[in-house]
Amino acid sequence: MERKFRILLAKPGLDGHDRGIKVIAAALRDAGFEVIYTGLRQTSEQVVAAAIQEDVDAVGLSILSGAHMTLFPMVLEGLRRNGADHILLFGGGIIADSEIQMLKDTGVSEIFTPGASTQDIVDYLNRVLPKIIKDEKII
Amino acid sequence: MDKTSRKKETDDAYARWLEEYDESKPDKGRKFMTVSSKPIKPLYTPKDAENIDFDRDIGYPGQYPYTRGVHASMYRKKSWTMRQFSGFGSPAQTNERYHFLLKRGQMGLSVAFDLPTLMGYDSDSVRSVGEVGVCGVAVDTLKDMEIIFDGIDLGKISTSMTINCTSTILLAMYIAVAEKQGVPSEMLTGTLQNDILKEYIAQKEWIYPPEPSIRLITDMMAFCAQHVPKWNTISISGYHIREAGATAAQELAFTLADGFTYVEAALAVGMDVDTFAPRLSFFFNSHLDFFEEIAKYRAARRIWARHMREKYKAKDPHSWLMRFHTQTAGCSLTAQQPENNIVRTAFQGLAGVLGGTQSLHTNSMDETYALPTEHAVKLALRTQQLIACETGVANTIDPLAGSYFVETLTNELEAEAERYFDEIAKRGGVLKCIEQGYLQREVADAAYRFQKEIEKKERIIVGVNDFVEEDEDVKIPLLKIDAQVESDQIASLKKVKQGRDNDRVKSTLAALKKAAQAGENHMPPLLDCIRCYTTEEEITSVLTEVYGTYTEPPLI
């Protein structure tokens, strides 16, 4: 079966800054991904439920409020608890290098910071996703 | 030489210049456009200014249509207010930062609240986990506001508070702190952002649906007209619309359209325009396109004056004049080579001053990473002091008036805004446009276009897509919010709840609910709730029962 990669983009927590995530959504869509956007103010439970229900390949979180060290682990833990840790978790925001390493150590696949180009994100997903989804043919 | 031959000579000179002018190989392959992607001509001449009528369009400062500024003497009599937006961590840490800034020449306060406070949640709410004190200071009850303003005389300082869907709660707390200091509410000066429309468009901090939200605002306008007459009741904000990706013309148009919507809402509840319009103020962004920004401020004053006098029939000149605060563009700052942000901010601050702002916040270089350190915020404040005292730009009023380029840009921005007003009216007004997602989509489209221009290198951002330092290792000190703040704040909230008169809390909340249901002004019962240390979330919960909540349809 041929299909496109499905990506869930989410804004967890109370942060309302959605300029970045909308730009990413448009860029991923233009690059051929199927994009589902949760809208604002999702709890980690809602993000996990949406990821499972929509059967996505990856979840991208955007957090600019400084709550990333709380929210990334909550979503990661929720995916694991629901047996959905095959879903790739990546994200972006105002996140210091030292914290990026800590997040990666807990299982977040990649973090993009201000100044990253949308092409970097497209390239990253196109590089990583085929390695974890082997059974299906992706167009 | 007679007039005809002089004109011929000018025309010939123009033709010679046009012939010599070469656009075939632009420097660095650049596109000549503003930061809003607006094309700019190589040269502006008297021909561009032909339709400008000095008396009608430019005039004098302090006079209709206020293109040149709202005061006759501008900065020669009183400098703009240097007002750095700040607040972080616990109320005590914020109080300490305020004393630091005031000692170094800051002239007014501007409070940044954390996300739970902005959204109506207490620090112990499950929704607040990880967010307490992070983006600003945490406030749950009057107790926190008493600490924030400890040792600061509210009768002498003016305070701006960036707060929207919970604005009336924070204003009530401010009034109650003043009561405790013995300062009557009539003496208080300051500004409440209180602009819910731009929340739906851009900043996205809301609780209730638009209609009851506007109801809370008109309540507050009526209350202030009577009891807090020197307070600026709304700061109609383009800042966040711009930060979300809008062009200068969109910022201008959507902000003023929001302003007209508040005017119409107040008129609809029977207020006389001249009782509230003089207390409306504005808040704009200062982005990096120097001349476009200056033109934007000049156009904004002229449009507001024209509409207030001609359309809304305001008679008091104070109702015509647009006073505004400016903040430099956070979205223009880069994480790469962060010291460059000092320079960006200086240019932007200069544009705000040349545009005639009443107050200014200059961003700190480290704000793409965190809330600013003391060192970074001091540099940002010094930047304003340099503009005021060393550059000489404040010596004369509106120095760029008469520039063919600036006057043309001013006219074009006004015309673009008017086109947007027509489109918004055609779609049924601002609320309808928000409902349809029209304004949000216009902004998101502009943001995406901007990003594509950067990625195609049609637009150069120093340190990001050109002049990049490979293997750059950013080493600037950053402010860290201790996770301890959250647990301390929760503990202090618990203590307040134990020490207060809980029966009184219940009865004042019941009175607030009753007033909201009856459509009475909610401000007096709200003040009673605040005085007995009712928490913010206890209040928003009661109001939510009456008004419901708003959910945005996700638009991409």
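The values are calculated or read from the model by the stated rules, or taken from the named source; none is laboratory data. These numbers were taken from a predicted model, which means no experiment stands behind them. Please note: Cβ atoms are built from the backbone with ideal geometry, for glycine as well, and neighbour counts cover all protein chains shown. What goes into the accessible areas is simple: the full protein's heavy atoms, side chains included, and nothing from ligands, DNA or RNA. Shrake-Rupley method; radii C 1.70, N 1.55, O 1.52, S 1.80 Å.
Observations on the model:
- Other residues lying with their Cβ under 13 Å from the Cβ of A:D15 contribute a combined charge of +1, Lys and Arg counting +1, Asp and Glu -1.
- Cα gyration tensor, the protein assembly as shown - rounded (a/c under 1.5), prolate or oblate: oblate
- Angle between chain B longest axis and helix B:91-103 axis [Cα atoms, degrees, rounded to 10]: 40 degrees
- Between B:S286 and B:Q327, B:T328, B:A329, the built amide H atoms are under 5 Å apart, and every one of these is 5 or more places off in sequence or on another chain.
- Accessible surface of A:V23 - all protein chains present, 1.4 Å probe, nearest 10 Å²: 10 Å²
- Per residue, the solvent-accessible area of chain B (1.4 Å probe, heavy atoms of protein chains only, all protein chains present) comes to 41 Å².
- Theoretical FRET efficiency, 1/(1+(r/R0)^6), r = Cβ-Cβ of B:E552 and B:D53, R0 45 Å, to 0.05: 0.55
- Debye log10 I(q)/I(0) at q = 0.07, 0.08 Å⁻¹ for chain B, Cα point scatterers: -0.42, -0.54
- Of the solvent-accessible surface of region A:2-138, computed with a 1.4 Å probe and all protein chains present, 49% belongs to carbon and sulfur.
- Around B:K315: net Lys/Arg minus Asp/Glu count, Cβ-Cβ under 9 Å: 0
- Extension gain (nm, one decimal) between B:E520 and B:I476, 0.36 nm per residue minus Cα-Cα: 10.6 nm
- For a modelled paramagnetic label at B:D27, 7 Å from Cα along Cα-to-Cβ, the residues of region B:457-483 in reach, with backbone nitrogen under 14 Å, are B:460.
- Neighbours of B:E131 by Cβ distance under 10 Å: Lys/Arg scored +1, Asp/Glu scored -1, total -2.
- Modelled FRET efficiency - R0 22 Å, B:K311 with B:T275, Cβ distances, 0.05 increments: 0.80
- Spin-label model, A:M69 to B:R419: label points 7 Å out along the Cα-to-beta-carbon direction sit 4.9 nm apart.
- Chain pair B, A: total accessible area buried, heavy atoms, 1.4 Å probe, Å²: 2700 Å²
- Gyration tensor verdict on region B:314-466 (Cα atoms; rounded if a/c is under 1.5, prolate if a/b is larger than b/c, oblate otherwise): oblate
- Region B:54-455 - percent relative contact order, Cα under 8 Å, separation 6 or more: 17 percent
- A:Q42 long-range amide H proximity, modeled H, under 5 Å: A:K11, A:G13
- Here each label is just a point 7 Å from Cα along the line to Cβ, and for B:Y60 and B:E545 those points are 6.0 nm apart.
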